[in-house]
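See below for the structure under consideration.
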There are 2 protein chains.
Amino acid sequence: MPVTPDATARATSLADAAIAGDRLALARLLTAIENRTPVAEAAMRRLYATAGSAHLVGITGPPGSGKSTLVARLIAEVRRAGRPVAVIAVDPSSPITGGALLGDRVRMQAYADDPDVFIRSMASRGHAGGLAATSTAAAAVLDAAGFGLIMIETVGTGQSEVEVAAAADTTVVLEAPEMGDEVQAIKAGLLEVADLVVVNKGDRPGAHRTAAQLRAMLVAAAPRPNPRPATGDHGDATSPERPRPKRPEVLITTATTGEGVPELLAALDRHRAAGTAGPPPAARLARAEAQVWSIVAERLRDRLHDGAHTGATDAVLADVADHRLDPYAAADRLLGVLGDEPG
Amino acid sequence: MPVTPDATARATSLADAAIAGDRLALARLLTAIENRTPVAEAAMRRLYATAGSAHLVGITGPPGSGKSTLVARLIAEVRRAGRPVAVIAVDPSSPITGGALLGDRVRMQAYADDPDVFIRSMASRGHAGGLAATSTAAAAVLDAAGFGLIMIETVGTGQSEVEVAAAADTTVVLEAPEMGDEVQAIKAGLLEVADLVVVNKGDRPGAHRTAAQLRAMLVAAAPRPNPRPATGDHGDATSPERPRPKRPEVLITTATTGEGVPELLAALDRHRAAGTAGPPPAARLARAEAQVWSIVAERLRDRLHDGAHTGATDAVLADVADHRLDPYAAADRLLGVLGDEPG
């Protein structure tokens, strides 16, 4: 969608208000980001340079590992240190309708009067391949608004959802002790994106054994050489197969009591400190690429579906649907259409 | 990747062999599709016109609803009718490493000597926004090879995974009775993509009550008007928000005993028959678009990262990562780069 002067004016005032600490403006901007409105574009253009200093922490893990409770404890711990904190919860319970979780609303309530806590549910609907881009853009807005620590909570079962957490500066993978064989398989996949592994529900009998098993698995998994973020080869913007500088630490927490949570926050801060020197780390580059590519793709799609080209595009797609034209030949035709009107 | 004469020759012979019933050739083609090699492209160009008559059935539902067992029963039922059947299981257990599930291998074993059954696990790794495209391409290969019924099994918790099932001609959403509050929420989202709702584990006490609840929910959810597949507006190729011609039927099965499975197959066939008249249904168009768009995106990315442009692209992305350039301005620059060398 084109950015009109009206949208720009509205976005400028919303962005400036959000940066100045206006929570309603911040909430409105996040809604615009989620709906990809012209206001979102104009606002991002306005505030992006102000962002860039926050620490993005992705928190993922299988259902039942206690993510939400741990995030609530982390918020309390960060607030004890007087630091502002924001949470983006990518709602896993409803891929289509995307309603906020009840528990989330309850957590929200507890910090309703604290200007230094901002909790936001984000639906994952309708954002195929763009979920990482949308959450990154939302994080940039919170970053510009002064939230120095931003947690992005996702469930570790869907591919897009794992990618969102993997695109953070620091990715925490949660496990619960003794979750059976099926979860062991999930574990193997999730471990590859972990900077920190947390065995939660540490008061259960198997916690220390699970932690020991995880440490053994991590020793066995030799880090793979991979000098730059894997992009372009599979059409994915934020491949989680980015290089990990060192073997992830394994920590034990009990979110229900808060045990181990101060140590987890300290580990997050250490990981952050280790990653701030030198050129932009792979995760930051992958994030940038996901964001930029999502915008490029949206612009090109708009071009194929708007105005002069929409008839030709629809005809090509109908031919593919009816198997009169193969998808590669169709892609060549659409690239031809795009090529006719560059820029 | 460009299609070399070598790849074309190899693809042609693989495609022809697969169409003629060579299972090894079929398996190799599916691997090529999954890895998006030049062989895949050449093979698709060769066999796409032969495909187009199969019935694609998506089967999704929350973990623990008994999808795999039901699919195994459906295979047996379809075989009893003498019809060939293929299954694509999009592996939910490992978004990153993507290993085949043990249960899947066991199922495979049971039909190892049956030339009219083909079961294939597909990893979901590295295919952000392209999972639907890859499974659609795999289905086209199986379709051309003569499998008239192709089931695509995915777990109903990840956004990409639900989209894969939603892009089928007929989408079956599984529920198990009395799965608690959290699953009720999942239900609300999943129901929107359902053509058929199946309450599995029908021998449990709550099954009939759950079925009644689901019917009530479906009556309450009025169908939304949506004349064409929603594409282009959120960058998603296969929005599950396609129009549903009628309220989904609710069936009860007990996959462990096979109870209700013949009725389910009959319902699948009825839904198929109802959708074959008239212009290509929305699901087919959305599938075509996901496939074509995935190829367009891959080509454009290759162009940005290969040869002359890669330095400029990397510099733009580094500037975004360091917040010296906002992602919209970066997208404009990359579109300029693409515009310089169209076609």
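The values are calculated or read from the model by the stated rules, or taken from the named source; none is laboratory data. Computed from a prediction, not measured in an experiment: that's the story for all the values here. Here the Cβ is made from the backbone with ideal geometry for all residues, glycine too, and neighbour counts use every protein chain on show.
Report, by residue number, each residue of region A:17-60 that is farther than 18 Å from A:PHE118 by Cβ, of a type in the set (A, V, I, L, M, F, W, C) and touching a Ser or Thr at 6+ places or on another chain (Cβ under 6 Å).
Scanning region A:17-60 gives a single hit, A:ALA42.
Here is a check on your reading of the model: is B:LEU56 in contact with a strand residue (DSSP E or B) (Cβ under 9 Å, 6 or more places away or on another chain), under 30 Å from A:VAL155 (Cα atoms) and either among the basic types (Lys, Arg) or crowded, with 22+ Cβ neighbours inside 10 Å (or both)?
yes
Quick one: what pairs do we get from region B:191-207, first residue not assigned by TED's automatic domain parsing to the domain that holds B:PRO63, second hydrophobic (A, V, I, L, M, F, W, C) and not in a loop (DSSP other than H, G, I, E, B), C-beta under 9 Å, 6+ apart or different chains?
none
Identify, by number, the condition in (1) modelled with pLDDT under 90; (2) outside the structural domain of B:ALA145 (by TED's automatic domain parsing); (3) at positive phi that B:GLY21 doesn't meet.
Against the list (1) modelled with pLDDT under 90; (2) outside the structural domain of B:ALA145 (by TED's automatic domain parsing); (3) at positive phi, B:GLY21 comes up short only on (1).
Let me spell it out: the conditions are (1) under 27 Å from A:ALA318 (Cβ atoms); (2) away from chain A (no Cβ under 14 Å), and B:ALA20 meets all of them except one. Which number is the exception?
Every listed condition holds for B:ALA20 apart from (1).
Mind listing whichever residues of region B:25-50 are in contact with a helix residue (DSSP H, G or I) (Cβ under 8 Å, 6 or more places away or on another chain), aliphatic (A, V, I, L, M) and surrounded by fewer than 21 Cβ atoms within 10 Å (Cβ to Cβ)?
B:ALA25
Please state which one of B:GLY98, B:GLY129 is closer than 26 Å to B:PRO280 by Cα, under 20 Å from the mean Cα position of the chain (by Cα) and at pLDDT below 90.
The match here is B:GLY129.
Kindly indicate which of B:ALA255, B:ALA267, B:ALA318 is closer than 16 Å to A:TRP293 by Cβ and not basic (Lys, Arg).
B:ALA318
Identify all residues within region B:155-167 that are among the β-branched types (Val, Ile, Thr) and either at pLDDT below 75 or farther than 17 Å from A:PRO62 by Cβ (or both); write none if there are none.
B:THR157, B:VAL162, B:VAL164
Taking B:ALA7, is it surrounded by fewer than 21 Cβ atoms within 10 Å (Cβ to Cβ) and in contact with a Pro (Cβ under 6 Å, 6 or more places away or on another chain)?
yes
Table: residues versus (1) in the same structural domain as B:LEU190 (by TED's automatic domain parsing); (2) touching a residue at least 60 places away in the same chain (Cβ under 8 Å); (3) of a type outside the set (Asp, Glu); (4) part of a strand (DSSP E or B).
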| position | (1), (2), (3), (4) |
| --- | --- |
| B:ILE33 | no, yes, yes, no |
| B:VAL39 | no, no, yes, no |
| B:ILE59 | yes, yes, yes, yes |
| B:PRO63 | yes, yes, yes, no |
| B:LEU70 | yes, yes, yes, no |
| B:ARG73 | yes, yes, yes, no |
| B:VAL78 | yes, yes, yes, no |
| B:ARG83 | yes, yes, yes, no |
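Give me the pairs, please: first residue somewhere in region A:302-325 and facing chain B (nearest Cβ under 7 Å), second residue anywhere and of a type in the set (Asp, Glu), beta-carbon distance under 7 Å, and either six or more positions apart or on two chains.
Cβ pairs passing all conditions: A:LEU317/B:GLU289.
If the requirement is being aliphatic (A, V, I, L, M), out of contact with any Asp or Glu (no Cβ under 6 Å at 6 or more places or on another chain) and facing chain B (nearest Cβ under 8 Å), which of these qualifies: A:VAL337, A:VAL296?
A:VAL296
Give the residue that is modelled with the lowest pLDDT, with candidates limited to residues of region B:292-343 that are touching a helix residue (DSSP H, G or I) at 6+ places or on another chain (Cβ under 7 Å) and of a type in the set (Ser, Thr, Tyr).
B:SER294
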